[in-house]
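See below for the structure under consideration.
The values are calculated or read from the model by the stated rules, or taken from the named source; none is laboratory data. Fair warning: this is a prediction, and the values are worked out from it, not measured in the lab. Quick reminder, even Gly has a Cβ in these numbers, built from the backbone with ideal geometry, and neighbours come from all protein chains shown.
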Amino acid sequence: MTGELPVDQILRGECVETMKTLPDGSVDCIFADPPYNLQLRGELRRPDETVVDGVDDAWDKFDDYSAYDKFTREWLSEAHRILDKDGTIWVIGSYHNVFRLGAILQDLGFWILNDIIWRKSNPMPNFRGRRFTNAHETMIWAAKSPQSRYRFNYQAMKALNDDLQMRSDWYLPLCTGNERLKNEHGLKLHPTQKPESLLHRVLVASTNVEDVVLDPFCGSGTTPAVAKRLGRHYVGIERHPDYVKAARERVAREERLTSEHVAVTPAKRDIPRIPFGSFVETGVLPAGTALYDRQKRLKATVTPDGTLVSGNQRGSIHKLGAMLTNAPSCNGWTFWFFERDGEMVPIDILRQESVALRNVG
């Protein structure tokens, strides 16, 4: 029986049983770092990173995956149920389990959007020298279904990557230094604590402010900590009492940024269609205003009907820009500039300011 969604809480309990208490379609995004296989000593466990990266041959000699597949199918089924119809899930794993995770995701109806390679800038070495250094993990990003209108903040990812398209291989370091949580003995508290930079990119890419993010294997609390910082809501699930305590304390220390500081660059499809002429008729950019290209090599004049005139050529902000540059097309919003307070600014700033005023209203 599902109840209210316990937002902004870290719950102590078994993953599947706790997920069963959450309402249908109640979360916008899930990030899951599930326990790796193998059922050594009869229990699902996370190995120390030195074992994962150094490779313990005992892992590869274990060939009964039935219990692990059953567990994976159970928690992913619950994840599918509680995910919003337009929500997405991120699942991270190594070569030990990521292929099984991918197959089960597809079996349950998830729609795989990307596989992301997290290439570690400081991987653990292969101490035995019998295999390649295991220097990456794989994240599967999937929508709830092929019909999902999932969120992808393309412009924000491009801005984060020096205005270049973000690729599917991410070069980020392991969690080290002050970011790594320690126990009372000064040893690392959690063997597979993920770096905050990884979760930052995940959440900026696929969520919006006030979205609800679930981490069903919360561990030391990286997902809820970054979610809170970015103005998202969170629900964490963790069974180990020491991890629960550390995660709650970690999140309590985190400052939640205000909405204006965490809003990401909107995708073009999210910008309302505002006619250029509306700025002319309201006097924001009156007829007779001079517009220029970025280098001030071209000049046009705004007319009362919202078209531009340059010499004997006339057209919309898009058409005239294309004609004057002999280009097949032109985005007039970013091509044309006008002078304001002694500075040249693109006319697109008018549209951005109009959207901001609507949101405030």
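Brief remarks follow.
- Qualifying residue in the stretch 135-143 (condition: charged (D, E, K, R) and out of contact with any Leu (no Cβ under 8 Å at 6 or more places or on another chain)): yes
- The lone exception for TYR292 - which of (1) at pLDDT below 95; (2) surrounded by fewer than 20 Cβ atoms within 10 Å (Cβ to Cβ); (3) in contact with a strand residue (DSSP E or B) (Cβ under 8 Å, 6 or more places away or on another chain) it fails: (1)
- Filtered residues of the stretch 196-229 (kept if among the acidic types (Asp, Glu), buried (at least 23 other Cβ atoms within 10 Å of the Cβ) and part of a helix (DSSP H, G or I)): none
- Index of the failed condition, CYS175 passing every other in (1) of a type outside the set (Val, Ile, Thr); (2) modelled with pLDDT under 90; (3) under 17 Å from the mean Cα position of the chain (by Cα): (3)
- Of all positions in the stretch 329-338, at least one carries a residue that is in a strand (DSSP E or B) and at pLDDT 95 or above.
- Of all the listed residues (ASP53, ASP64, ASP69), the sole one being modelled with pLDDT under 90, assigned to a helix (DSSP H, G or I) and not β-branched (Val, Ile, Thr) is ASP53.
- ALA263 touching a Leu at 6+ places or on another chain (Cβ under 8 Å) and either under 30 Å from ASN178 (Cα atoms) or modelled with pLDDT of 95 or more (or both): no
- For GLY109: the one exception among (1) modelled with pLDDT of 95 or more; (2) closer than 23 Å to ASP169 by Cα: (2)
- The residues listed here are GLN155, GLN147, GLN165, GLN193; of these, the one that is assigned by TED's automatic domain parsing to the domain that holds ILE116, under 23 Å from ARG232 (Cβ atoms) and either within 15 Å of the chain's Cα centre (by Cα) or surrounded by fewer than 21 Cβ atoms within 10 Å (Cβ to Cβ) (or both) is GLN155.
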